[in-house]
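Read the structure below first, then the notes.
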Amino acid sequence: MPPEWAPHLACYLVWPHNVETWPGKFDAIPALYAHMVAAIASFEPVRLMVQEEAEIADVRAMIRDAARRLDLPHLPHDAILPRVEIFAVPTNDSWVRDHGPIFVNRFGADAGAAPNQIALDWHFNSWGQKYGAFDLDDVVPQKLGARYGFEVIEVPAVLEGGSIDVNGAGTLLTTESCLLNPNRNPELSRAEIEDFLKTCLGVTNVLWLGDGIAGDDTDGHIDDLARFIAPDTIVTVLEDDPADVNFAVLRDNLDRLKTMRDQDGRPFKIETLPMPPAIVHDGTRLPASYANFYIANGGYVMPTFDCPQDAIAAATLARLFPGRRVVGVPSTDLVWGLGSVHCLSQQHPIPPKS
């Protein structure tokens, strides 16, 4: 599995449509999402799914308006919309990171065999059957494969894209709270889950953090906690307030990261990002995290939460991603859906050359 910073052919997105995902706030979501679409499309092609063809014209207009409002020194605003392909594929929800295809490069056993790319279609069960129907989401990889002509292989296990992160050199990072949760693969042991990850994703080294942040309904996805930004470097979030519910969990994860070794036995460089102040809506703590950024071609798109920590997080990521431009996406309302930029996106790496 290529790392997220490998060059992308496109980014898959699903236009928001499930009002139950953002109860009481849905009216604000399409404009915020259009901002995110335009931000990602300023760096790379976007393949955007909508529920039905009748929506396409209105969605295109919203993205055009969002592009005009963006201040992007690296691209004229009228060059953004041509990068966005909009088409109808019905879904249950917009979290394509978790139900979309996960691309891997396959290399033949024979020395002369040409490498090729396949899409893995892991089973999706709505994060342990927490919500309603998920039948449409579960077949998204097959639908995209049929449309774009890439090979899709079904994997007989449950896995969400937000639960894993790879360094592209053989190491995978995940959490015990998610992958070992009995609501995913109760028949599989820890060793058997590791075997699936190694066989299907081509890794040799599986590293486990502990718990996720408060409010994360995914049982602790890694993309709210810690991310590879280079083969030898991990950035993780830290909470400075000892009274905050996330303080002990994130300190424990940091302690684990410091003891971890890569596929060659070497320690990682560990960088840290702050956590935004607690965001609570209707008595619910929301999983707001600066780790939920998306690495695009030549840039990255990060969530912002209208607080002083935004600037600290942006400056830290700018230091860690030299040469890449940043575009922020206001996510205070977006995260009421219990996810943000990375959760809503899925990259399609450029296939390997023969």
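The values are calculated or read from the model by the stated rules, or taken from the named source; none is laboratory data. Note that the coordinates shown come from a computational prediction; the quantities given were computed from them, not determined experimentally. Note that we place each Cβ from the backbone using ideal geometry, even for glycine, and neighbour counts take in every protein chain shown.
Miscellaneous remarks
- Taken over region 106-144, the criterion of being polar (S, T, N, Q) and either at pLDDT below 95 or on the phi > 0 side of the Ramachandran plot (or both) is satisfied by N116, S126, Q129.
- Scanning region 94-105 turns up no residue that is at pLDDT 95 or above, more than 19 Å from the chain's Cα centre (by Cα) and part of a helix (DSSP H, G or I).
- Candidate set from region 29-78 (those that are of a type in the set (D, E, K, R) and part of a loop (DSSP other than H, G, I, E, B)); member that is surrounded by the fewest Cβ atoms within 10 Å (Cβ to Cβ): D71
- Per the conditions (1) without any contact (Cβ under 8 Å) to a residue 60 or more places away in the chain; (2) touching a helix residue (DSSP H, G or I) at 6+ places or on another chain (Cβ under 8 Å), the sole criterion not satisfied by A291 is (1).
- When G283 is tested against (1) in contact (Cβ under 8 Å) with a residue 12 or more places away in the chain; (2) over 17 Å from the mean Cα position of the chain (by Cα), just one condition goes unmet, and that condition is (1).
- Boolean, I118 is surrounded by 17 or more Cβ atoms within 10 Å (Cβ to Cβ) and under 18 Å from C11 (Cβ atoms): no
- Sole residue being free of Cβ contacts under 8 Å to residues at least 24 places away in the same chain and not polar (S, T, N, Q), chosen from A57, A38, A6: A57
- Within region 1-55, the set of residues being closer than 30 Å to F107 by Cα and charged (D, E, K, R) comprises E4, E44, R47.
- Some residue of region 250-271 being within 16 Å of I213 (Cα to Cα), under 19 Å from the mean Cα position of the chain (by Cα), modelled with pLDDT of 95 or more and crowded, with 18+ Cβ neighbours inside 10 Å: no
- For R147: the one exception among (1) on the phi < 0 side of the Ramachandran plot; (2) free of Cβ contacts under 8 Å to residues at least 24 places away in the same chain; (3) surrounded by fewer than 17 Cβ atoms within 10 Å (Cβ to Cβ): (2)
- In region 1-28, the qualifying residues are those that are assigned to a loop (DSSP other than H, G, I, E, B) and aromatic (F, W, Y), and the one that is farthest from D333 (Cα to Cα) is W5.
- Across region 225-234, the number of residues qualifying as closer than 10 Å to L257 by Cβ and either touching a His at 6+ places or on another chain (Cβ under 8 Å) or outside any loop (DSSP other than H, G, I, E, B) (or both) comes to 2.
- Looking only at region 294-352, residues that are touching a Gly at 6+ places or on another chain (Cβ under 8 Å), assigned to a strand (DSSP E or B) and either among the hydrophobic types (A, V, I, L, M, F, W, C) or surrounded by fewer than 17 Cβ atoms within 10 Å (Cβ to Cβ) (or both) come to 4 in all.
- Only listed residue being of a type in the set (D, E), more than 20 Å from A313 (Cα to Cα) and touching a strand residue (DSSP E or B) at 6+ places or on another chain (Cβ under 8 Å), chosen from E192, E151, E187: E151
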